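Below you'll find the structure, written out as structure tokens, and then a few comments.
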Amino acid sequence: MSQMELIEEKMEERVDRILSCFSGRREELIVILQRIQDEFGYLPEFALIRVAKFLGVPEAHVYGVASFYAQFRFKPMGKNVITVCRGTACHVRGSPMVIEEVKNRLGIEEGDTTPDLRWTLETVACIGMCALAPCVIVNGKVHGKVTPRRIAEIIKAVEGVEKK
Amino acid sequence: MPAVYINGSKVEAKDGATILQAALDAGIYIPHLCHHPDLEPAGICRLCLVEVEGRGIVASCQAQVEDGMAVWTETPMVQKARQISLELLLTNHLGDCLSCPKDNECKLQEVASYIGINEERFKQLRMLAPQFPLDESNPFFLRDPNRCVLCGICVRTCDEIQGIGAINYAFRGFATTIATFGNKPIVESNCESCGECVVRCPTGALVPKNYRKPAKEVKSICPYCGVGCSIYLGVRGNEVVFVRGDKDSPVNEGQLCVKGRFGFGFINSPERLRKPLVKRNGEFVEVTWDEALDLVASKFSQYKGDQFAAVASARCTNEENYLVQKFARAVMQTNNVDNCARLCHAPTVAGLNIAYGTGGGTNPISDIDGASCIFVIGSNTTVAHPVVGTRIRRAARRGATLIVADPRRIELFNHAHVCLQQRPGSDVALLMGMARVIYEQGLHDEEFIRERCENFEAFVESLEQFELDFVEEVTNVPKEKIIQAATLYATRKPSLIIYSLGITEHSHGAENVLALANLAMLTGNVGKPSAGVMPLRGQNNVQGACDMGCIPASFPGYQPVKDGAVRRKFEKAWGCRLSEKPGLTLVEMFQEALKGNVRAFYIVGMDLAYSMPNARMVWEALERAEFVVVQEILMTGTAKFAHVILPGASFAEKDGTFTNLERRVQLIRKAIEPIGDARPDWWITCEIAKRMGATGFDYSHPSEVMDEIARLTPSFAGMSFARLEGAGIQWPCTSPDHPGTPILHIEAFNTPTGKGHFSPLQYKPPAEMPDDEYPLILTTGRSLYHFHLSMTRRVEGLLALHPEERIWLNPKDASKLGIADGDKVKVISRRGEVFTRAKVTEDVAPGTAFMTFHFYETPTNILVNEALCPIAKTPEFKVTAIRVERA
Ligand code: SF4
Ligand code: SF4
Ligand code: SF4
Ligand code: FES
Ligand code: FES
């Protein structure tokens, strides 16, 4: 058995452990999804298939519910997370350009993670710091008045630290 | 009946009707979009708003009528509210109607023009450029989310009608869309391509690809499986361009599966045979009909008697089948006539005849709706008989108990309450084990057994050996599950048994059928509505081919050739002497041909070279035969062995009748002229007979053949084309005023004593069991996207959905053999070997493998054992010992 298969088998056991705490009623879906996300940091596809079987509901239903709530993710989070504000104030002050810059630089779309799992790009509605628009949160730290140039520097800085 | 006042006029409504239904029924239009008469109301679009006095604005598709209710559909308040709803819908809709395939048939256009929306406003609202990518993955239909109004009709259709929920709402706000699991292309989901959602979508969001509007429609019957769905063929010029389901049919209620709806491309395929062909120096050359028919007639004249064998077609009409057996018996003077039922449901005919006196299914398809318990065994129903399969899923949804037994984890397992994964070939043990549980727990129906049945004591004695420990060991099904299944089947009445080839295609197939017949009698579940035994017959007219006497021991209507009185009746009618010696069955014909005893074949519409077991043996026999005539619509693997090929007309090109799996005789009608120089099969058979100097083959229309059948066959005595208009008639139909017989054995069984006959049974292992050299059991079956070989591979889309053979292996076996998913493998049995690729899946149990036989490139049947059931002479397709190697 390859390394990968071993990991997957372990992951399946983790899902089954979670499911074993539930009785299999439809209403439990959201709670189950939360528990799985807590466990893995996201909702792996194979886990959703198992959940559908467990609850006896179509897979598309599970996906529909999971995709409805912004809190659920279908891809693993990157090590570093960039969250760009899309609120009105930030929007008019140029957050689209900032998003564009991040996309180009990292080669990913909104909500995506780079294949090496280093970066995730997310967007949010107003974070309540409109005075500093456009705002970006990088690994929990808020940066105000961000320009495309500035965000490029921030990314570089994080990567520099990591290399050392 | 409640009366309501709509816009001041009094309307009588049905009890429980919604305001919208009541209005539409009374011819009053209320705009609506998310309402569909086949589906539960959803209240999503808010277009159907009306004002109810004393209640204000309500959604008319959800509010039920109440007596005396006053409804106003056009008050200013209503109009205003509606306008807002409509604008909300339009904001998210791509507005270029002119380039939309649904233009002029779009419900959104209809409501928008009724409600009235001004050009300017519309321009502001609509989405200017597409925002979502198209999903073009399905070969038969296109999904364009930019034209979707999120009415949810497709979601509800897939859930409520198709019963699988392949699609659902996903995301939210402006991003809301209809998505498959993981928002992947629809072909990667569990979608079955039935197209039910496509026919109901009100907008251009779901449209058939390459749609061409038919100029006229002709009512007919689906040419694929034995469900016998009623269809309308849409014709344009001499081409079938569209098919839709017939809503008024009790068989399918408008539903169709992917093959029935989209699989019509073979009809006008450029590959249709257009001219008679004669083999000269190993090459087929085109000849005239006269030349071909004269040749066939003069050759056949040299092979009269038992050196001749006819194979009739389960694809052809009843009338054509009747003529083939009449030709074999009256002109060729032999009872060597059989049909493909020998390979599938001969054990059903034999077994049910012994037990109940009639070899047909006991109940109509619609009885599935009323069953409290449905026990499906040896039938991958949602794949092989899809429209019956969806009906079972719907019954389970509504609360019927579903028990499914199959060696593979088939799709129905997802909907079942109890799943039994028995070893291939262990069914008698499983069923007798269940019978024992029922008997020991006293759950049997004593009164029914006493009044209606015989031979019960001998049967009870034979239960002795089916101790549950033994049954568990043989079947690999845990005891508890056997007990659970038995108890549910016996107590949740009425219980219906549904089975198919997983039961019959064994070296003890008839005994499997007897075991089911026992179980039904034991619990009194036969001869009643929604209680009985339903064999799912394979091909569109395999029931009819047997009914019409294309079997070696019986004339039409199962009248034995051995019975002197019967023989004299047919001798008088046909004006000739008839043989009393039952003829050879299908496999025997080829075994005898190898020995040189059968020397000439007349093979109508059956690709037997690839659908019979031990295919190599069949190929050798065909090569050995001196004169082989094949009558076909397409070049098949079998036709290549022929000396003469006669091009037949397809079902769309002639009149006649098919009989479905519930014994319903239904009319097919000529929709287009035969392709090229093809001729209806009934005409061809008659021409050969006439050119051999025979009389009694002068018919000007198939209805005259049916009249002759009715005269000679008591169970068809009341049938005529005129009476078959509409939904057809279920035999027996014994006189012109007899309504037909949906349910058999209500008062008495059809056996000589009138009693249901219990059969004591023993467990017999399959003829071939795995050993060191051949350690795996191969079981064969069908794909949803194919029907046997030649027709569906001419339908591009079906081939795209399932392009090639795969052998299914359990991951445990695969890893032992060092085989990964997709690897090329060699499959070897005692009879030969084939190459294919592996599909590694837990859907087969360890030790078991699965293949279909739909591809000439991988002739699976080379492998299969021709061990025959001694009673029915059906071969053991379901159990072959094999070895798999990496290739
Ligand atoms: S695809 Fe059609 S049926 Fe489905 S929600 Fe959209 S408009 Fe309605
Ligand atoms: S085609 Fe049939 S199975 Fe596929 S999504 Fe539509 S209704 Fe469901
Ligand atoms: S279920 Fe059978 S008869 Fe009905 S449409 Fe499908 S193939 Fe045709
Ligand atoms: S809009 Fe970006 S912080 Fe308010
Ligand atoms: S038809 Fe009533 S809400 Fe859509």
In the neighborhood of residue B:236, defined by Cβ-to-Cβ distances under 12 Å, what is the net charge if each Lys or Arg adds +1 and each Asp or Glu adds -1?
-> +1
Give or take rounding to whole Å, what are the principal axis extents of the alpha carbon atoms in the protein assembly as shown, in descending order?
-> 106, 75, 69
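Going by the alpha-carbon gyration tensor, a ≥ b ≥ c the square roots of its eigenvalues, is the stretch B:681-745 rounded (a/c under 1.5) or, if a/c is not under 1.5, prolate (a/b greater than b/c) versus oblate? Each step should come with its number before you reach the end.
On the way: a/c = 3.01, a/b = 2.38, b/c = 1.27.
Prolate.
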Give the shape of the stretch B:587-667 as rounded, prolate or oblate, defined through the alpha-carbon gyration tensor: a ≥ b ≥ c are the square roots of its eigenvalues, a/c under 1.5 means rounded, and otherwise the shape is prolate if a/b is larger than b/c and oblate if not.
-> prolate
Which residues' amide hydrogens lie under 5 Å from the amide hydrogen of residue B:402, considering only partners 5 or more residues apart or on another chain, with H built in the peptide plane?
-> B:374, B:417, B:418
Sum up the charges of everything whose Cβ sits under 13 Å from the Cβ of residue A:124, counting Lys and Arg as +1 and Asp and Glu as -1, but leave residue A:124 out.
-> -1
Distance between the stretch B:814-887 and the stretch B:211-282 - C-alpha centres, whole angstrom = 32 Å
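Nearest 5 percent is fine: what portion of the DSSP beta bridges confined to the stretch B:776-886 is antiparallel?
Values: 16 of 24 bridges.
Antiparallel bridges: around 65 percent, rounded to the nearest 5.
Run through the stretch B:824-887 and list the chymotrypsin sites (Phe, Trp or Tyr not before Pro) located in a DSSP loop whose Cβ has at most 10 other Cβ atoms within 10 Å.
Within the stretch B:824-887, no chymotrypsin sites (Phe, Trp or Tyr not before Pro) qualify (loop, at most 10 other Cβ atoms within 10 Å).
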Among GluC sites (Glu not before Pro) in the stretch B:746-824, those in a DSSP loop whose Cβ has at most 14 other Cβ atoms within 10 Å are B:747, B:773, B:804
Counting only protein heavy atoms with a 1.4 Å probe and every protein chain in place, the carbon and sulfur fraction of the accessible surface of the stretch B:3-91 in whole percent equals 52 percent
Have a look at the DSSP beta bridges in chain B and tell me what percent are antiparallel, nearest 5.
-> 60 percent
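Taking a 25 Å limit on the Cα-Cα distance, which of the listed pairs B:326/B:654; A:53/A:103; B:80/B:213; B:80/B:102; B:299/B:640 fall beyond it?
Values: B:326/B:654 20 Å; A:53/A:103 37 Å; B:80/B:213 37 Å; B:80/B:102 27 Å; B:299/B:640 19 Å.
Flagged as over cut-off: A:53/A:103; B:80/B:213; B:80/B:102.
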Per-residue mean of other chain beta-carbon atoms within 10 angstrom of the beta-carbon, peptide A:48-59?
-> 3
Calculated from backbone phi, Karplus (6.51, -1.76, 1.60) coupling profile of the stretch A:31-47 in Hz, x at Gly/Pro = 4, 4, 4, 4, 5, 5, 5, 4, 6, 9, x, 7, 10, x, 4, 4, 5
Once amide hydrogens are built 1.01 Å from N within the peptide plane, the residues lying 5 or more places from residue B:778 or on another chain with amide H under 5 Å from its amide H are B:849, B:880, B:881, B:882
Quick one: which residues, 5+ away or cross-chain, put their amide H under 5 Å from the amide H of residue B:244? H built at 1.01 Å from N.
-> B:232, B:234
If each of residue B:304 and residue B:99 carries a label point 7 Å out from its Cα toward its Cβ, how far apart are those two points in nm?
-> 7.2 nm
Karplus-derived HN-Hα couplings along the stretch B:167-175 (A = 6.51, B = -1.76, C = 1.60, θ = phi - 60°), whole Hz, x at Gly and Pro | 10, 7, 5, 9, 6, 7, x, 5, 7
Karplus-derived 3J(HN,Hα) from phi for the stretch B:461-477 (6.51 cos²θ - 1.76 cosθ + 1.60, θ = phi - 60°), whole Hz, x at Gly and Pro, runs 4, 6, 6, 2, 6, 9, 4, 4, 4, 5, 4, 4, 5, 6, 8, 6, 9
Trypsin sites (Lys or Arg not before Pro) within the stretch A:16-73: which are DSSP loop residues with at most 15 other Cβ atoms inside 10 Å?
-> A:25
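With a/c under 1.5 counting as rounded, go ahead and sort the stretch B:776-886 into rounded, prolate or oblate using the C-alpha gyration tensor (a ≥ b ≥ c being the square roots of the eigenvalues; past the cut-off, prolate if a/b is larger than b/c, else oblate). Please list the in-between numbers first.
Details: a/c = 1.76, a/b = 1.03, b/c = 1.71.
It comes out oblate by the Cα gyration axes.
Computed on protein heavy atoms with a 1.4 Å probe, what is the summed buried accessible area for the chain pair A and B, in Å² to the nearest 100? Show your work: numbers first, answer last.
Details: alone 9750 and 31950 Å², together 40530 Å².
Approximately 1200 Å², summed over both chains.
What percent antiparallel are the DSSP beta bridges of the protein assembly as shown, to the nearest 5?
Values: 72 of 124 bridges.
For the protein assembly as shown, the DSSP antiparallel bridge percentage is about 60.
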On each of the three principal axes the extent of the alpha-carbon atoms of chain A, given in whole Å and largest first, is 50, 37, 21
Using the Cα centre as the reference, give the magnitude of the dipole from point charges on the C-beta atoms of the protein assembly as shown (Lys, Arg: +1; Asp, Glu: -1; all else neutral), rounded to the nearest 20 debye.
-> 1820 debye
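Relative to the Cα centre, what is the charge dipole magnitude of chain B, using +1 at the beta carbon of each Lys and Arg, -1 at the beta carbon of each Asp and Glu, and rounding to the nearest 20 debye? Could the numbers behind the result be given before it?
Details: 95 positive and 103 negative charges, 247 e Å.
The calculation lands at about 1180 debye.
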Sort out for me the Cα centre separation of the stretch B:718-788 from the stretch B:490-553, rounded to whole Å.
-> 4 Å
Run the dipole for the stretch A:1-127 about the Cα centre, Lys and Arg Cβ at +1, Asp and Glu Cβ at -1, nothing else charged, and hand back the magnitude in debye, nearest 20.
-> 340 debye
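The values are calculated or read from the model by the stated rules, or taken from the named source; none is laboratory data. Note that the coordinates shown come from a computational prediction; the quantities given were computed from them, not determined experimentally. In this analysis, Cβ positions are derived from the backbone assuming ideal geometry, glycine residues included, and neighbour counts consider all displayed protein chains. Ligands, DNA and RNA are stripped out before the accessible areas are found, and what is left, the full protein with its side chains, is counted by its heavy atoms. Shrake-Rupley method; radii C 1.70, N 1.55, O 1.52, S 1.80 Å.
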